[in-house]
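The values are calculated or read from the model by the stated rules, or taken from the named source; none is laboratory data. Note that this is a predicted model, so its numbers are computed, not measured. Cβ: placed from backbone, ideal geometry, glycine included. Neighbour counts: every protein chain shown. SASA here: full protein model, heavy atoms, side chains in, ligands and nucleic acids out. Shrake-Rupley method; radii C 1.70, N 1.55, O 1.52, S 1.80 Å.
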Amino acid sequence: EVAGLVNDKQIAGCADVDGFGVQGHYDFSNGGIGGGFFGFSNCDDQLKQYKEKPVTPHTGGFVSSARDVTGATQLTAADTRGGGTVRLPGGTDGQEMLISSSSGVPVVQIYAPDGQIYTTPAAPGQISTAGGEFISAIAPDGHSVIVFFRHPKGGLYNIQPTAGSAPISSVAAAQDVPPARITVKVRHAHGRRWSLRYAIKNYVAGTQVQFVERGRDSVHVLATVRRASGTITFTPEDAVGRTRAIFAYLQTSAGAPLRTMTVGRYVAPPAQRPGRIRHAHFSRGASTAVLSWTAAPGARQYRILIRGTDGRVVSGFTTRRRLLLTGVDPTFGFSATVTPIGGPNMLPGPTTRTTLAPASTGLVELLRCARSRCTPQLVTGNLVLSAREIHATLTRGGRTVATGIASNGKASQAALTVRRGLPAGRYGLTLTAGRRSTHRTISIR
């Protein structure tokens, strides 16, 4: 099985060879070549790590050529021309060695502590294997040979160049470990702060893990950790979608992604929104109307929508708390909604509604009077009747003979109070509302 992946930064590949996984990559930016073997997974599983960003998924990372994984002195350029020994620990899933030369391809024989002898390939493109416990190949750079031991025995490994081999300049080792397993527990801490407790099984020293929360409309990096366990605190991203998934991005020490895992979920607190407007109302002028409202906690602006019985629609946003309407006839009515907008994401708060009833029906009420008794009669006129009070005055010959007042504008009428009987004849009736008035002549029979 062979698989590969190419993007604008790297070429990456993976192959299943005799039960071993083989990986490699070439970096366009610096010409770097990396790769290695793995012995605990199949090719498809390993290639999944490349699907994020193709980089080498070498979990252990090579230790310094001056030290092996146990801290013992390792081979150097001076003492490895004729070979030398390396101590590898026992009880591991696998150990990988990178044997390099500065002048060609090193071809070596490795003598294991149990007496087994392993030989690396002599030419590029060749792979050497032995019993499912050893595999070796020449690295693409042409100056290194990669060796992998599955479940090696601990002890000294003697490395000897074969006849005609290029001299060894360095030897480095890396431990093969199973894929990391990460568990997390997310809890509310205090206020808007939350905590994430994590544990990483099979953590490789020197690597790092970046935790990210993702919601329907949010992506938020929580923290990058470099320890096998610990607790981080964070403030959830302010967003409408409350259900969040926690992703863990496994990275090399340089920050190159190796693998992405979904490790947990939690429900974030509701998104921050402004509070409620406590009061909104209209006030009417002679030919204007003013909409005003109280401030809403946390509001940064207000969304306004006004509809009038005259067909007008006014909508928009404002940071003020007052809106003036002009060209308003008292027969017009209005309805309005005011919505506060605020929070980090400028989300809407509760909507407040208010109305303004027409100040007049547009009808003039006349009185038909007979024998000192007057009855109302509605006729079409031009008097604007106040919603608060209406004044009526009955005159004859320049003298006021009766007055009336109505303080309930809902009825839109004024009842005259006549103190004495009125003789038949023509009278003047004046109806007044605010600054406007109208005069009619009526007859009393």
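Here are some notes:
- Histogram of C-alpha separations across the stretch 95-190, 10 Å bin width, %: 15, 44, 22, 7, 6, 5, 1
- The stretch 138-253, Rg to Rh (Cα coordinates; Rh as Kirkwood inverse mean 1/r): 1.20
- Cα-projected label distance for Tyr111 with Ala223, points at 7 Å along beta-carbon direction, nm: 5.1
- Accessible-area value, Val314, 1.4 Å probe, nucleic acids and ligands omitted, Å²: 50
- Added length on full extension, which subtracts the Cα-Cα distance from 0.36 nm per residue, Arg399 to Asp93: 98.3 nm
- Legend: calculated FRET efficiency, Thr231 to Gln301, from the Cβ-Cβ distance at R0 = 45 Å, rounded to 0.05, equals 0.70.
- Take the Cα of Arg322, step 7 Å toward its Cβ, do the same at Ala245, and the gap between the two points is 5.3 nm.
- Residues of the stretch 154-193: accessible area per residue with a 1.4 Å probe, Å²: 50
- In loop segments of the stretch 278-333 as defined by DSSP, the trypsin sites (Lys or Arg not before Pro) with at most 10 further C-beta atoms inside 10 Å of their C-beta are Arg320.
- Charge dipole (debye, nearest 20) of the stretch 279-347; +1 at Cβ of Lys and Arg, -1 at Cβ of Asp and Glu: 220
- Added length on full extension, which subtracts the Cα-Cα distance from 0.36 nm per residue, His281 to Lys153: 37.5 nm
- Thr355-Arg181 FRET efficiency (beta carbon distance; Förster radius 60 Å; 0.05 resolution): 0.45
- Taking 7 Å steps out from each Cα toward its Cβ at Asn345 and Ser103 produces label points 6.5 nm apart.
- For a label point 7 Å along the Cα-to-beta-carbon line of Gln126, residues of the stretch 143-184 with backbone N under 18 Å: 143-148, 160-168
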